[in-house]
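Undergrad: Just passing along the structure, written as structure tokens.
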Amino acid sequence: MLTLFTTAKPFLGHIKVIQRNALKSWKLLHPDVEVILFGNDEGAAEVCQELDLRHVPEVKRSRAGSVRADSLFSLAQQIARHEVLCYANCDIVFMQDFPIACERVRQKLPQFLVVGRRTDTDITEPIDFSLQNWQQSLAQRAQRTGTLRFFHNIDYFAFSRGLYQQMPEIVVGRVYWDHWMLWKAMHSDCAVVDVSQSVCAVHQNHDYSHVPEGWKSVSTDEDAQRNFLLAGGRAHLRTIEDAPYRLTPSGIEKNSYYWLAPTKRTWRSASKTIRGAFRTGLWHPFLNATRSRRHAVGLKKDPRSAPTGPRKHWMDQ
């Protein structure tokens, strides 16, 4: 079966709601699933006792107080009951499609890493797990109102025990550590499988009030910068788009063009810069200069002309 492990933020306010939702959903995946919560943050011990989770209070942290990924993965692989482990952020709700996908991969590949895209969804209340159709209802809600994030957001790693033996002192909860994890697996000749087509992983939206400067801290503070250096720079960073394999309804298939992922990232970055320069330097000044004349002749944007199709997150534009 499966051992899931994580570390949490203090169980307060909205964060308490979504973390309890996530942990409860993991416990319901299978009677033999093991869930380990690392850290002694406020409320962690009480939640572990209530939900019958395994609690490991002590975990190594950076100088700034962030939990070290190398400590988490080393301890988890030492104490886990099962040979397949999964680290997931403590705001991800899993449903039955997740263990099914992991088992399908395990049956075909001796050593693997499973990753997938998440769907950002607004959830502010406890999920009623007593409802027989809670999974179907949540999946429909995520597909209807949520946002499927791009390849660079990596919130879970399911892997065969022994994959991550040597890790730098990178920390979770900051940028770059997750991208290094994919590079490490690929560099170790481990089969990396993208299960996005088979798994609906619901990320419960939240703010970043738990860090001093919000998202800016997550992406630029001391721990974020140190992660980048310890990871070895951009040469050692990968995203889900780099996965050489995909799990589809018909089975595991090769991602024939995974090697193009770095080129695609470079092109998207350059295109975004060019579009931004065009809007700032030409298009917006033109609109400002012609606004009164356009309005005088009735040339206003029709709100009904808004683009249709899947919503994009502002960071994925």
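Derivation of every value follows stated rules applied to the coordinates shown; laboratory data play no part. Note that the structure is a prediction, hence the values are computed from the model and not measured. With ideal geometry, Cβ positions are generated from the backbone for all residues, glycine too; neighbour counts draw on all protein chains shown.
Undergrad: Using amide H atoms built in the peptide plane, which far-off residues or other-chain residues are under 5 Å from V192 H to H?
TA: L113, Y245
Undergrad: Which residue, I252, I15, I170, has the most motion in a Gaussian network model of the chain that connects Cα atoms within less than 10 Å?
TA: Of I252, I15, I170, the Gaussian network model singles out I252 as fluctuating most.
Undergrad: For the charge dipole of region 115-207, defined by +1 on Lys and Arg C-beta atoms and -1 on Asp and Glu C-beta atoms about the Cα centroid, which residue among Q136, A185, T124 has the Cα displaced farthest towards the positive pole?
TA: A185
Undergrad: To continue, here is another question. Only Lys, Arg, Asp and Glu count, each charged at its Cβ (+1, +1, -1, -1), so figure out the dipole size of the chain about its Cα centre, rounded to 20 debye.
TA: Taking the Cα centre of the chain as origin, the dipole is about 1760 debye.
Undergrad: Looking at the chain, send over the antiparallel percent of its DSSP beta bridges, to the nearest 5. If you can, show how the numbers build up before the last one.
TA: Working: 17 of 39 bridges.
Antiparallel bridges: around 45 percent, rounded to the nearest 5.
Undergrad: Which one of D120, D189, D70 has the biggest mean-square fluctuation once the chain is modelled by GNM with Cα springs under 10 Å?
TA: Ranking D120, D189, D70 by mean-square fluctuation puts D189 first.
Undergrad: Quick one: if you stick a label point 7 Å off each Cα along the C-beta vector at H284 and Q165, how many nm between them?
TA: Those two pseudo-labels are separated by 5.3 nm.
Undergrad: Follow-up. Between beta-carbons, use under 13 Å as the cut-off and find the net charge around K27, counting Lys and Arg +1, Asp and Glu -1.
TA: Result for the neighbourhood of K27: -1.
Undergrad: Given the C-alpha centroids of region 229-265 and region 104-151, what is the distance between them in whole angstrom?
TA: 21 Å
Undergrad: Rank N205, F112, I170 by how far each Cα sits towards the positive end of the charge dipole of region 106-244 (+1 on Lys, Arg Cβ; -1 on Asp, Glu Cβ) and give me just the farthest.
TA: It is F112.
Undergrad: Moving to a separate point now. Springs between alpha-carbon pairs under 10 angstrom, Gaussian network model over the chain: which of A139, A224, A277 fluctuates most?
TA: For the chain, modelled as a Gaussian network with Cα springs under 10 Å, the answer is A277.
Undergrad: If you plug each phi of region 93-104 into the Karplus form 6.51 cos²θ - 1.76 cosθ + 1.60 with θ = phi - 60°, what whole-Hz ³J(HN,Hα) values come out, in order, with x for Gly and Pro?
TA: Once θ is set to phi - 60°, the couplings for region 93-104 become 9, 9, 10, 4, 5, 6, x, 5, 5, 4, 5, 4 Hz.
Undergrad: Which ³J(HN,Hα) values, rounded to whole Hz and listed in residue order, are derived for region 19-26 from phi using the Karplus coefficients 6.51, -1.76 and 1.60 in 6.51 cos²θ - 1.76 cosθ + 1.60 with θ = phi - 60°, glycine and proline given as x?
TA: 5, 5, 4, 4, 4, 5, 5, 5
Undergrad: Using R₀ = 22 Å, calculate the FRET efficiency as 1/(1 + (r/R₀)^6) where r is the Cβ-Cβ separation of D97 and D122; round to 0.05.
TA: It comes out at approximately 0.55.
Undergrad: Sticking with this structure for a sec: Quick one: compute the contact order of the chain, relative version, from alpha carbon pairs under 8 angstrom and 6+ residues apart, as a percent.
TA: 19 percent
Undergrad: Per residue of region 145-157, in order, report the coupling 6.51 cos²θ - 1.76 cosθ + 1.60 (Karplus, θ = phi - 60°) as ³J(HN,Hα) in whole Hz, putting x for Gly and Pro.
TA: So the J values, rounded to whole Hz, are 10, x, 10, 6, 6, 7, 6, 7, 8, 10, 10, 8, 9.
Undergrad: Then there is this: Could you line up F228, F38, F150, F278 from fewest to most neighbouring Cβ atoms inside 10 Å?
TA: On the way: F228 20, F38 24, F150 17, F278 11.
The order, fewest Cβ neighbours first, is F278, F150, F228, F38.
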